[in-house]
Amino acid sequence: MRTLEVSERFGLFTRGDTPVPLIGVKVDGDITGRTAKVSIRQRFENREDTAIEAVYKFALPEGSSVCGFTVAIGDRTLRGRVEEREKAFIEYDDALAQGHGGFLLDEERPNIFTLSVGNVKPRHAVDVEIAYVTTLETNGAEVRFMLPTTISPRYVPA
């Protein structure tokens, strides 16, 4: 008999594996015909006494495409831009090494994303907003909208 190993977790965690509290979620969406544009905003708070680097994993619907990424800290809003993967990781690491905040959104595998948030100041909140577009499932005249809330474990045969 084979068993599934659950190693995927979701939410925002420090590099030391301490959970960063989720204190709010807001979902907005526009459905037009068989398509939807959805915005998910989640607020996390650093309750530690030191700055943290945190990792946030989340799922999106199969076949969806990210079309926006912003991070708001205090009165600053940062907008993501697309870079080559290796260049993006280098820029992120450089920003943290210089003591700046850094934010990196990476597709870990199809529809599973990892957001790294670096140097979040103590007692500060971070608003992470991801916007995506997706084609909705249909069954005759019915249209179904689904919002993933968990990351399913992968089955890997021995």
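The values are calculated or read from the model by the stated rules, or taken from the named source; none is laboratory data. Keep in mind it's a predicted model, so treat the numbers as computed, not measured. Note: ideal-geometry Cβ built from the backbone for every residue, glycine included; neighbour counts use all protein chains shown. We work out accessible area using only protein heavy atoms, side chains counted, and drop any ligands, DNA or RNA first. Shrake-Rupley method; radii C 1.70, N 1.55, O 1.52, S 1.80 Å.
Say each of K37 and D49 gets a label point 7 Å from the Cα, pointing the same way as Cα to Cβ; how far apart are those two points in nm? Here the answer is 4.7 nm between the modelled labels. For the range 58-108, a crude dipole built from +1 on the beta carbon of Lys and Arg and -1 on the beta carbon of Asp and Glu, taken about the Cα centre, is about 280 debye to the nearest 20. The stretch between D30 and E108 holds 25.4 nm of extra length on full extension. This uses 0.36 nm per residue minus the Cα-Cα distance. Rounded to the nearest 0.05, what FRET efficiency do K57 and R123 give with R0 = 25 Å and r taken as the Cβ-Cβ distance? Could you check? E(calc), rounded to 0.05, equals 0.55. In terms of packing, defined here as the mean over residues of other Cβ atoms within 10 angstrom, the peptides 31-41, 53-63 line up highest first as 53-63, 31-41.
What is the diffusion coefficient of the chain in µm²/s, taking the Kirkwood radius over Cα pairs and the Stokes-Einstein relation at 25 °C with a viscosity of 0.890 mPa s? Walk me through the intermediate numbers first.
Details: Rh = 17.1 Å.
Once the numbers are plugged in, D ends up at 144 µm²/s.
For the chain, a simple Cβ point-charge model (Lys and Arg +1, Asp and Glu -1, everything else neutral) yields a dipole of about 320 debye relative to the Cα centre. Positive end of the dipole of the chain (Cβ unit charges, origin at the Cα centre): among A125, T35, I151, the Cα lying farthest that way belongs to T35.
Return the carbon/sulfur percentage of the accessible area of the chain, one whole number, probe 1.4 Å, all protein chains in place. Don't skip to the answer; put the middle values down first.
On the way: 5080 of 10420 Å².
Carbon and sulfur together cover 49 percent of it.
May I ask you to give the solvent-accessible area per residue for the range 76-158, in square angstrom, as obtained with a 1.4 angstrom probe? Mind showing how you got there, number by number?
On the way: 5580 Å² over 83 residues.
Value returned for the range 76-158: 67 Å² of accessible area per residue.
Using a simple spin-label model with pseudo-atoms 7 Å out from Cα toward Cβ, T18 and M146 lie 3.7 nm apart. Kirkwood analysis of the range 6-94, using all unique Cα-Cα pairs, places the hydrodynamic radius at 15.6 Å. Taking every DSSP helix (H) stretch of at least 4 residues in the chain, weighting each as -39,500 (n - 2.57) and dividing the sum by the residue count yields a mean residue ellipticity at 222 nm of -2500 deg cm²/dmol.
Within straight-line reach of K57, meaning a Cα separation under 17 Å, sit the following aspartates and glutamates at least 8 residues removed in sequence or on another chain: E8, D17, E45, D106, E107, E108, D127, E129.
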